[in-house]
Amino acid sequence: MSPATLAVDLAAPLLAGVLGTAGAGKLFGRSAPRPASRTALARLLRGGARAARALRWLGALELLLCAALLALPPSVSVAAGGAAAALGVGFLGYLGYARRAAPGSSCGCTAGDDGPVGVRAFVRAAAVLAGGVAVTLAEHPWWTTAPHRPAATAGAVLVAVAGAVVLAPDRWRLLWRRLRLRLTGHPLDGTRAVTRVPVTATVELLEHSLAWQTASALVRSALLDHWDDGGWRILQYAGVHGGGGAARPVVVLFALDAAASRDAVREPAVRVSVLDADTGEAVALTA
Amino acid sequence: MSAYPTGDPLARRRFLTAAALRGATVIGTGVIGATALGAVDADAAFAEPLRALDPAAADSTFVEGRITWIDGGLLEVAGSWGEYARVRVTGATSVWKVRATTAAAIETGDGLYARGVPMPDGTLAADAVWVNIVNLHTTLRGIEKDRLHLAHGSHEIVGHVLADTTSVSYSGAAPTVDLSRLRIGQDAQVLGAWRPSDDSVELVRVAVGPGAGHRR
């Protein structure tokens, strides 16, 4: 049996899984009526209540299709496959309408998905269409194919689950990300050992210092340049010294302990220098 | 004293380091920083404009928009509300694009916030320019080694972690490069630089926990 035939034979239970979860979410979701008012469907049907009713009917239809796909042999489930393919086409058309008519509204494709219509929604709809077509092409019932090829079946199920995770709405991916963090540990744990003080922390310490209060009237620019030298961190600003005709551009330099931050030091010692920007000569701090 | 060297950057830094370490030492804690022109770090791009404390200081003006044309040190900026401005960048202008940089890093199409003094010819002589700066209230939806997934309203944003730049402030404490205490589900105030090519954000400062976003 070729892999293609196998995939076609297994399409029915996989598609049933997709339609079953989506349908159950729409039919039994407790918070369904409220998100329904934010979907493009509410706009199409002119009313959040109507949209909610339509979503519940759609959920029931999806569950019915799910049951048919699981229970009926290929000769009979051709109709169910055709219905699923038609549903996929309908989804695609609806998503296209939603993108055009109400950009930014959610699609309501799966319960609890309140993000705007995106690429994932289109791929999900296309997958339903492809699944439906595959079911109509199946020759053997899935319950005879699966036991004969257990390894391939398990592989197909894994691929389907991975695809479902990739295509799942954010809410579901959040669960997956939380689980992954729990299993693999915090991916940024490596940063815990770094003792380097970031420049933003030094700037914050400077802005809380008396030196800043003394010199800030001269400073006009934001941080121009910074570098570390012999345990000092030098912060360079541009400024203007003096007023009126005597005003001249200056370089304002602050030197702080490169290892200090506001948490470690309450009374920072800051060296302040003001240089004439043209000549490099020192200028008295007080004008 | 030798003249201020402007050519070789290393020689300039050596000269300025020596000058900085000769400077007057001031010890103690003052008030939270603000110059006569307002605060000067990247947060200042979003601070309320402060009234000039020093009557001698010229009133500063604020410009924002997209850069449509660059001609030497002159930037033409199309504002978000249809207005139009020309911003002049000089050697004394601080340029922020993720980090302190030079005017050479500014590109056409970048977003711009600039603060400066209006000139008689209608240009704005910029004291400080912040390129592509964004300040977003987000929720942390995913953590990976080199990026964070953030939800801003119903939009998902990818925030790139920059090894030498990204810092996190936990509950109002001093910024640190230790990102290991970030948790999925936290509210995060994000200051960073928008990357126009793929609509993602390069993370500069992330503030989480109580007090996040209320530093000023």
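The values are calculated or read from the model by the stated rules, or taken from the named source; none is laboratory data. The structure presented is a predicted model; accordingly, all values stated were derived computationally and were not measured. For neighbour counting, all protein chains shown are included, and Cβ atoms are generated from backbone atoms with ideal geometry for every residue, glycine included.
Return the residue satisfying two criteria in turn: it lies in the range B:149-169 and is crowded, with 20+ Cβ neighbours inside 10 Å and under 20 Å from the mean Cα position of the chain (by Cα), and of such residues it is nearest to the other protein chains (Cβ to nearest Cβ).
Here the residue is B:Ser167.
I need the full set of residues from the range A:250-263 which are facing chain B (nearest Cβ under 8 Å) and over 18 Å from A:Ser221 (Cβ atoms), in order please.
If the condition is that a residue be facing chain B (nearest Cβ under 8 Å) and over 18 Å from A:Ser221 (Cβ atoms), then A:Ser261, A:Arg262, A:Asp263 are the ones that fit.
Which of the helices (runs of 4 or more DSSP H) found entirely inside the range A:164-278 contain at least 3 residues meeting this: within 29 Å of the chain's Cα centre (by Cα) and closer than 30 Å to A:Ala127 by Cβ?
Result: A:170-184.
Between a first residue in the range A:122-141 that is of a type in the set (Ser, Thr, Tyr) and a second residue that is surrounded by fewer than 23 Cβ atoms within 10 Å (Cβ to Cβ), which pairs have beta carbons less than 8 Å apart while being 6 or more apart in sequence or on different chains?
What qualifies is A:Thr136/A:Val78; A:Thr136/A:Gly82; A:Thr136/A:Ala85.
In the range A:51-65, what count of residues is obtained for those that are farther than 10 Å from A:Lys26 by Cα and touching a Ser or Thr at 6+ places or on another chain (Cβ under 9 Å)?
1
Do we find that A:Ala247 is more than 8 Å from chain B (Cβ to nearest Cβ) and farther than 19 Å from A:Ser221 by Cα in this structure?
Considered against the rule, which asks whether it is more than 8 Å from chain B (Cβ to nearest Cβ) and farther than 19 Å from A:Ser221 by Cα, A:Ala247 comes out as no.
Pick from the range B:114-162 the residues that are aliphatic (A, V, I, L, M) and not in a strand (DSSP E or B): which of them is modelled with the lowest pLDDT?
Taking the candidates together, the pick is B:Met119.
Could you tell me how many of the residues in the range B:68-113 are part of a loop (DSSP other than H, G, I, E, B) and exposed (fewer than 13 other Cβ atoms within 10 Å of the Cβ)?
Number satisfying all stated conditions: 9.
Mind telling me which of the residues A:Ala222, A:Ala215 ends up being at the interface with chain B (Cβ under 7 Å from one of its Cβ atoms), small (Gly, Ala, Ser) and crowded, with 24+ Cβ neighbours inside 10 Å?
From the options A:Ala222, A:Ala215, the qualifying one is A:Ala222.
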